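Here is the structure we will look at, set down as C-alpha cells.
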Amino acid sequence: MYLLNRKQRHGVNYTWMIISLLLVAFLPFFLFSGLYLKSFLLIHDYSLTELIFSNEWRPSSGKFGFYPFIVGSVWVTLLAMIISAPICLLTAIYVTQYTRKRFLRIMHPAIDILAGIPSVVYGLWGILVIVPFISRYLGPWMGVKTMGYSILAASFVLSIMIIPFILNILIEIFRAIPGELKEAALSLGATPWQTIKQVLLRKALPGIIAAFGFGLARAFGETMAVLMVVGNVVKLPKSVFDPGYTLPALIANNYGEMLSIPKYDSALMFAALLLLIVSLFFNLVMHFFIVRYNKY
C-alpha cells in the first residue's frame, strides 16, 4: 500500500468500499437464491398452496404440510410481542424521562448482559421455572390440564429474550429526541405525562414501530430456547396451553435426518426460505411505514 501514490491508494480504498457495499446490498438476494435453488425440488413437485396450507407432515410418505409449523411460529411470536412490547415501551419511557442519567448508566450494562446470555440458558430457565409454573399453577387455575410445554411457555421465554433487544433500540430513540421539544411543551403548561404522550411519543412513533418490527422479525426466527419448551408436536394448537412446533425448531430438530428421506433436504430448505421471506416482509413493511410517516 505504501508503494502506491496517493491517487492509487484512493482508488484501491474506493474499490474496496464499493465491493463491500455491493456485498451487503446483494446478500439477501444471494441468500434467497441459494435457498430457492435448494428447495426447488419440493416446489416443483408440490403446489405452494399444498405446502403452506396442508396439515399433514409425514415425510416418509411424501407429505410435507407446513401449516402447523407456520401457525405455531405465528402464535409464539405474536404472543411474545404482546407480552414484551408494553414492558419495553414503558421501561424506555421511565428510564429516559423520569430517572436520572446515573440510573440509565447502571441499567445499560444489565440490559447488555441479558442480551448476551445464550439462548440455551433461557431455554433451561424455561424448563426449570416456566414449564412447572404453567403445569402446576397457571394451567389448573385456568381449568386446563397441561404438561407445561406449550405455546404459552415458549412465548414467555421468547418475550424475555427479545426485551433487551427492543429496549436498547427504544432507549436510544427517546434519547435522540431533542430536549427542546420537551422543554417547550412544559413551558406551555403541559404536564410531564401530557408531554410524553402528545409530543415525545408522536415524535418517536416511527422509531417505536421500527423497534417492534425488528423485534418481531428476530423473535420469529428464534430457535433453541423455543425448541426446548414449545413441545414440538406437529398439530394445530387450539389454545396457548397446547404444544406447538415452529419453523426454526423443525429445521434444528430434523436437519441431521434429511439424507435418509427423499426431498427432506428440500423441505427443510423450504422452511428456511419461508423464514427468510417473513423476516424480509416485516422489515420492508416497517421501512415503508416509516417512510410514509415521515412525509407527513
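The values are calculated or read from the model by the stated rules, or taken from the named source; none is laboratory data. Predicted, not measured: the structure shown is a model, and the values here were computed from it. Cβ sites come from the backbone with ideal geometry, for glycine too, and all protein chains shown count toward neighbours.
Brief remarks follow.
- Any chance Ile93 is surrounded by fewer than 17 Cβ atoms within 10 Å (Cβ to Cβ), out of contact with any strand residue (DSSP E or B) (no Cβ under 7 Å at 6 or more places or on another chain) and either at pLDDT 85 or above or of a type in the set (A, V, I, L, M) (or both): no
- Search result, residues across the stretch 233-261 that are in contact (Cβ under 8 Å) with a residue 60 or more places away in the chain and in a loop (DSSP other than H, G, I, E, B): Val234, Lys235, Leu236, Pro237, Ser239, Val240, Phe241, Asp242, Pro243, Tyr245, Thr246, Ile261
- A count restricted to the stretch 138-176 and to residues that are among the aromatic types (Phe, Trp, Tyr) and either touching a Pro at 6+ places or on another chain (Cβ under 6 Å) or over 14 Å from Ala219 (Cβ atoms) (or both) stands at 3.
- Single residue of Phe220, Phe241 found to be of a type in the set (Phe, Trp, Tyr) and under 30 Å from His287 (Cβ atoms): Phe220
- Residue pairs whose Cβ atoms lie under 8 Å apart, separated by 6 or more positions or on different chains, with the first residue in the stretch 119-139 and over 21 Å from Ile162 (Cα atoms) and the second β-branched (Val, Ile, Thr), are Ser135/Thr146; Gly139/Thr146.
- Looking across Tyr296, Tyr255, Tyr245, one residue alone is modelled with pLDDT of 85 or more and either under 19 Å from Ala154 (Cα atoms) or out of contact with any Pro (no Cβ under 7 Å at 6 or more places or on another chain) (or both). It is Tyr245.
Yes or no, residue by residue, for (1) modelled with pLDDT of 85 or more; (2) within 28 Å of Tyr245 (Cβ to Cβ):
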{"residue": "Phe29", "(1), (2)": "yes, no"}
{"residue": "Ser33", "(1), (2)": "yes, yes"}
{"residue": "Thr49", "(1), (2)": "yes, yes"}
{"residue": "Ser54", "(1), (2)": "yes, yes"}
{"residue": "Trp57", "(1), (2)": "yes, yes"}
{"residue": "Gly62", "(1), (2)": "no, yes"}
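- Only residues that are out of contact with any Ser or Thr (no Cβ under 9 Å at 6 or more places or on another chain) and of a type in the set (Val, Ile, Thr) were counted across the stretch 125-156, and they come to 3.
- Identity of the residue in the stretch 221-250, closer than 14 Å to Gly65 by Cα and in contact with a Ser or Thr (Cβ under 8 Å, 6 or more places away or on another chain), that ends up surrounded by the fewest Cβ atoms within 10 Å (Cβ to Cβ): Leu247
- Within the stretch 36-69, tally of residues that are surrounded by 12 or more Cβ atoms within 10 Å (Cβ to Cβ) and basic (Lys, Arg): 2
- Checking Ser119, Ser135 one by one, the residue that is closer than 25 Å to Leu216 by Cβ and small (Gly, Ala, Ser) is Ser119 and no other.
- Set Ser33, Ser39: member being polar (S, T, N, Q) and farther than 12 Å from Ser266 by Cα: Ser33
- Hey, Gly189 surrounded by fewer than 17 Cβ atoms within 10 Å (Cβ to Cβ), at positive phi and more than 24 Å from the chain's Cα centre (by Cα) or not: yes
- Test: Ile160 is under 18 Å from Leu90 (Cα atoms), crowded, with 18+ Cβ neighbours inside 10 Å and under 15 Å from the mean Cα position of the chain (by Cα): yes
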